[in-house]
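Below is one structure; the comments refer to it alone.
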Amino acid sequence: MTSIPNQQQAAVVQEPGDNFKIQLHDDVPVGTPGPEEILVKLTCTGLCHSEVRAVLAWSSYQSIIGHEGVGTVVKTGANVSPSLLGQRVGVKWLYNACSNCSLCKRGFHHNCPNQVNTSRHVPGTLQQYAIADARFITRIPEGLSDETAAPLLCAGLTMMGALKHLDTELHPGDWIVISGSGGGLGHLGVQIAARVKKLRVIAIDSGEDKRKLSLESGAEVFLDFKTEDVAAQVLKLTGEGAHATIVVPGTKEALQMAPLVVRNMATIVCVGLPPNQMDIPVSATLCAARGLTIKGSSVGTEAQLQDLLQLASDGVITPAVEVFDFPEVPRLIDQLIKDEIIGRAVVRIPAN
Ligand SMILES: [Zn+2]
Ligand SMILES: [Zn+2]
């Protein structure tokens with residue numbers, strides 16, 4: 001095994017806010033794992049739309065962002081089994097959780113009020129060496145490439161978690177509307193809904209590339225929200241409206257559309273993360289009168305992630321990934337802000 005340097009390359013966010021900059025540095029100190037931690041030499045990381053929240057300072061984040069990293073364990077802390085050395089692991093949003101609260105005890109560590117998050121509380125994955133908590137690490141199954149595994153760690157898991165909320169009320173053949181269907185999360189949601197849950201998917205997004213990806217991912221119908229009357233089309237297709245909808249974009253327009261595309265007693269699952277001060281623009285009277293349920297969902301459980309990695313290993317779930325070199329990070333973040341990325345952008349981390 002090659003020796004671990006003291007300094008490393010990293011993409012660093014400076015002056016988060018309207019005038020943010022991302023600079024590539026080659027003198028960022030390499031961390032030392034604490035007793036329960038491991039040091040992971042990363043090969044790649046996915047770029048999540050929530051990086052936008054970090055660079056635009058919608059909330060406070062670390063200067064090194066990223067939370068879809070894949071790499072190899074190169075150092076273990078005092079209490080960690082050395083058998084982890086050389087293992088391929090994922091470094092994800094959930095760094096760790098308290099394991100003592102009522103939610104952790106039910107297995108919902110990702111909803112723990114005391115959770116620590118990669119890129120928010122501890123440095124993220126846009127660096128060569130990341131520190132992770134060995135108790136919360138995700139093993140990557142053999143036969144799954146690093147680049148394919150990366151987007152499953154947040155984007156894929158988020159859609160697994162969102163669809164899990166609908167398991168008791170949806171049945172194969174039911175209609176679901178997924179908005180933002182051509183992005184990193186959306187296209188994986190379409191795949192899980194269509195290929196795993198056997199739902200009939202109406203995909204909503206805009207533009208030819210996103211139409212193509214949505215249909216390839218298993219959507220039965222694609223509607224372009226910029227050129228079509230989405231609500232009228234959904235009603236025509238489904239009779240009474242869809243049985244549920246997942247709202248991926250964190251936009252007012254997408255949230256306002258949600259009640260218009262579902263039938264009475266449907267569930268609306270909110271996934272996207274708009275600025276914190278934005279409220280859900282949906283009438284409370286309408287929710288009550290129509291018996292609608294609005295639910296929030298964020299990432300998912302480790303068991304759901306393992307199921308998803310297995311589905312990808314088996315070729316059922318096929319993330320649409322484009323791999324870029326590390327110096328392209330600043331441009332890619334700009335494109336994320338402008339909503340120009342099709343599927344998932346994954347960045348190759350320099351080996352040395
Ligand atoms: Zn994410
Ligand atoms: Zn907890």
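For every residue, the table says whether it meets (1) open to solvent by less than 50 Å² (accessible area, probe 1.4 Å); (2) more than 24 Å from Leu223 (Cβ to Cβ).
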{"position": "Leu237", "(1), (2)": "no, no"}
{"position": "Ala242", "(1), (2)": "yes, no"}
{"position": "Met257", "(1), (2)": "no, no"}
{"position": "Leu273", "(1), (2)": "no, no"}
{"position": "Asn276", "(1), (2)": "no, yes"}
{"position": "Asp279", "(1), (2)": "no, yes"}
{"position": "Leu305", "(1), (2)": "yes, yes"}
{"position": "Ser313", "(1), (2)": "yes, yes"}
{"position": "Val346", "(1), (2)": "yes, yes"}
Checklist entry - Residue check, Thr72 against (1) away from ligand 1 (no atom under 16 Å from the Cβ); (2) touching a residue at least 40 places away in the same chain (Cβ under 8 Å); (3) under 23 Å from Pro151 (Cβ atoms); (4) not small (Gly, Ala, Ser), all met but one. Which one? => result (2)
Next on the checklist: Contact list please: Cβ distance under 9 Å, first residue in segment 35-61 and within 16 Å of ligand 2 (Cβ to nearest atom), second residue open to solvent by 10 Å² or more (accessible area, probe 1.4 Å) and not basic (Lys, Arg), pairs at least six apart or on different chains.
Outcome noted: Glu36/Ala78; Glu36/Asn79; Glu36/Val80; Glu36/Asn96; Glu36/Ala134
Checklist entry - Do any residues in segment 322-349 that are without any contact (Cβ under 8 Å) to a residue 12 or more places away in the chain have Cβ atoms under 7 Å from those of residues that are open to solvent by less than 70 Å² (accessible area, probe 1.4 Å), where the two are at least six apart or on different chains, and which pairs are they? => result Gln335/Ile341
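What are the residues in segment 260-292 that are under 20 Å from Val201 (Cα atoms) and either outside any helix (DSSP H, G or I) or not assigned by TED's automatic domain parsing to the domain that holds Ala193 (or both), if any?
Within segment 260-292, Val262, Arg263, Asn264, Met265, Ala266, Thr267, Ile268, Val269, Cys270, Val271, Gly272, Leu292 meet the criteria.
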Item to check | Condition met for Asp27 (farther than 27 Å from Ser298 by Cβ and out of contact with any Asp or Glu (no Cβ under 9 Å at 6 or more places or on another chain)) | outcome: yes
Item to check | Odd one out for Asn117, checked against (1) open to solvent by less than 20 Å² (accessible area, probe 1.4 Å); (2) part of a loop (DSSP other than H, G, I, E, B); (3) within 16 Å of ligand 2 (Cβ to nearest atom) | outcome: (2)
Checklist entry - What is the residue count in segment 81-110 for residues that are at negative phi and surrounded by fewer than 20 Cβ atoms within 10 Å (Cβ to Cβ)? => result 16
Checklist entry - Hey, among the residues in segment 56-80 that are farther than 17 Å from His121 by Cβ and of a type in the set (A, V, I, L, M, F, W, C), which one's surrounded by the fewest Cβ atoms within 10 Å (Cβ to Cβ)? => result Ala78
Item to check | Matching residues, segment 12-44, being under 20 Å from Lys338 (Cα atoms) and within 16 Å of ligand 1 (Cβ to nearest atom) | outcome: Val13
Next on the checklist: Here is a list: Val177, Val196. Which entry is open to solvent by less than 10 Å² (accessible area, probe 1.4 Å), assigned by TED's automatic domain parsing to the domain that holds Lys236 and touching a residue at least 60 places away in the same chain (Cβ under 8 Å)?
Outcome noted: Val177
Checklist outcome for this item: The helices (runs of 4 or more DSSP H) lying entirely within segment 154-259 that contain at least 3 residues which are within 23 Å of Gln310 (Cβ to Cβ) and touching a helix residue (DSSP H, G or I) at 6+ places or on another chain (Cβ under 8 Å) are 157-164, 184-191
Item to check | Pick from segment 263-307, criterion within 16 Å of ligand 2 (Cβ to nearest atom) and in contact with a Gly (Cβ under 8 Å, 6 or more places away or on another chain), ranking: farthest from Pro249 (Cα to Cα) | outcome: Thr301
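The values are calculated or read from the model by the stated rules, or taken from the named source; none is laboratory data. From a predicted model like this one, the values you see are computed outputs, not experimental measurements. For neighbour counting, all protein chains shown are included, and Cβ atoms are generated from backbone atoms with ideal geometry for every residue, glycine included. All accessible areas refer to the heavy atoms of the entire protein, side chains included, with ligands and DNA or RNA removed. Shrake-Rupley method; radii C 1.70, N 1.55, O 1.52, S 1.80 Å.
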